[in-house]
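The values are calculated or read from the model by the stated rules, or taken from the named source; none is laboratory data. As the structure is a computational prediction, the values presented were derived from the model and not from experiment. When we count neighbours, we look across all protein chains shown, and the Cβ atoms used for this are built from the backbone with ideal geometry, even at glycine. Keep in mind that these areas ignore ligands, DNA and RNA; they rest on the heavy atoms of the full protein, side chains included. Shrake-Rupley method; radii C 1.70, N 1.55, O 1.52, S 1.80 Å.
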Amino acid sequence: MTGPALDFVIAALERIRQTSDRAPRASRTALARLQAEVLQRGRTQPLAAPNKAELLAPIRERVRGCTKCPHLACTRTQTVFGVGNPDAELMFIGEAPGVDEDKQGEPFVGRAGQLLTKIIKAMNFAREQVYIANILKCRPDTPAGTFGNRAPRPIEMQTCRPYLVEQIEIIQPKVLVALGAVAVEGLLGTRGTMRELRGRWHAYNGIPLMITYHPAYLLRNQAPSEKRKVWEDMLQVLERLERPITERQRNYFL
């Protein structure tokens, strides 16, 4: 390692110590980035913006072959890594794939996903402009002869969470949106009612986090008042992103 590069690493670690009450720790993704930066600085070249899609690719492959939860690995059709723009400023996080997602390998493609897409479009985003992922990358298994989906168990979320952490580290969105209490528990390790959690700003590793109802909740609860709550949460997201909001959007109901 060259002298200037070493100075750069030491200075970066010192900044972490000064701005955080936690000891510096580096993930596999962060180390890869650091090695690339050290190499470029050693060559005295200007730093190039990282190709986030390339950084996500090896994580996707690790997820694809993951067997950390054997009961899920043997019942899934395929893993569901995530979809969207790796450079997105807005990232949505759900709980786990359902039967439709398990078949297609993409998050939020069933009825709840169609509603989420409608919400995204009402915010004047294309689905391809945001990034969508789940806490769990495999569909939770269900007993033979039963229908529907089950919520992921805490141990399953704990096991799978590091993959999502790496995704967020790479994408570095300006705002995160957690969809439902299960997603909040998987992301923050916090349990609470949506009445307590939604509608106000939280934070995940310094990234603003808005918590709102899962679209599946709105499919079960068609009351305009519940739909309006979700839309008010999205208006706060648009304001935090400094996106223009039209009068039609302010008066919009899902």
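Take the conditions part of a loop (DSSP other than H, G, I, E, B) and modelled with pLDDT of 95 or more and apply them to Glu106. Does it pass? Give the derivation first.
Values: part of a loop (DSSP other than H, G, I, E, B): yes; modelled with pLDDT of 95 or more: yes.
Yes; evaluated as a whole, the condition is true for this residue.
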ask   = Quick check, is Arg62 closer than 30 Å to Tyr252 by Cβ and in contact with a helix residue (DSSP H, G or I) (Cβ under 8 Å, 6 or more places away or on another chain)?
value = no
task = Report yes if Gln158 is over 24 Å from Leu56 (Cα atoms) and open to solvent by 40 Å² or more (accessible area, probe 1.4 Å), otherwise no.
result = no
query = Do you know which of the residues in region 232-254 that are assigned to a helix (DSSP H, G or I) and not charged (D, E, K, R) is most open to solvent (accessible area, probe 1.4 Å)?
reply = Gln236
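For every residue, the table says whether it meets (1) open to solvent by 40 Å² or more (accessible area, probe 1.4 Å); (2) touching a helix residue (DSSP H, G or I) at 6+ places or on another chain (Cβ under 8 Å).
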residue	(1), (2)
Asn134	no, yes
Pro143	yes, no
Tyr163	no, yes
Glu169	yes, yes
Ala181	no, yes
Thr193	yes, yes
Arg198	yes, yes
Ala223	yes, no
Val230	no, yes
query = Considering region 166-206 alone, what residues qualify as being free of Cβ contacts under 8 Å to residues at least 40 places away in the same chain, under 16 Å from Asp233 (Cα atoms), outside any loop (DSSP other than H, G, I, E, B) and not basic (Lys, Arg)?
reply = Ala181, Val184, Met194, Glu196, Leu197, Trp201, His202, Ala203
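Condition first: in contact (Cβ under 8 Å) with a residue 40 or more places away in the chain, under 16 Å from the mean Cα position of the chain (by Cα) and open to solvent by less than 50 Å² (accessible area, probe 1.4 Å). Now tell me which residues in region 115-132 satisfy that.
Initially, region 115-132 is screened for residues in contact (Cβ under 8 Å) with a residue 40 or more places away in the chain, giving 115-116, 118-119, 122-124, 127-132.
Subset that is under 16 Å from the mean Cα position of the chain (by Cα): 116, 127-132.
Of everything in region 115-132, those that are in contact (Cβ under 8 Å) with a residue 40 or more places away in the chain, under 16 Å from the mean Cα position of the chain (by Cα) and open to solvent by less than 50 Å² (accessible area, probe 1.4 Å) turn out to be Leu116, Arg127, Val130, Tyr131, Ile132.
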inquiry  = Against the definition (open to solvent by 10 Å² or more (accessible area, probe 1.4 Å), in a helix (DSSP H, G or I) and within 23 Å of Leu188 (Cβ to Cβ)), how does Ala112 come out, yes or no?
reply    = yes
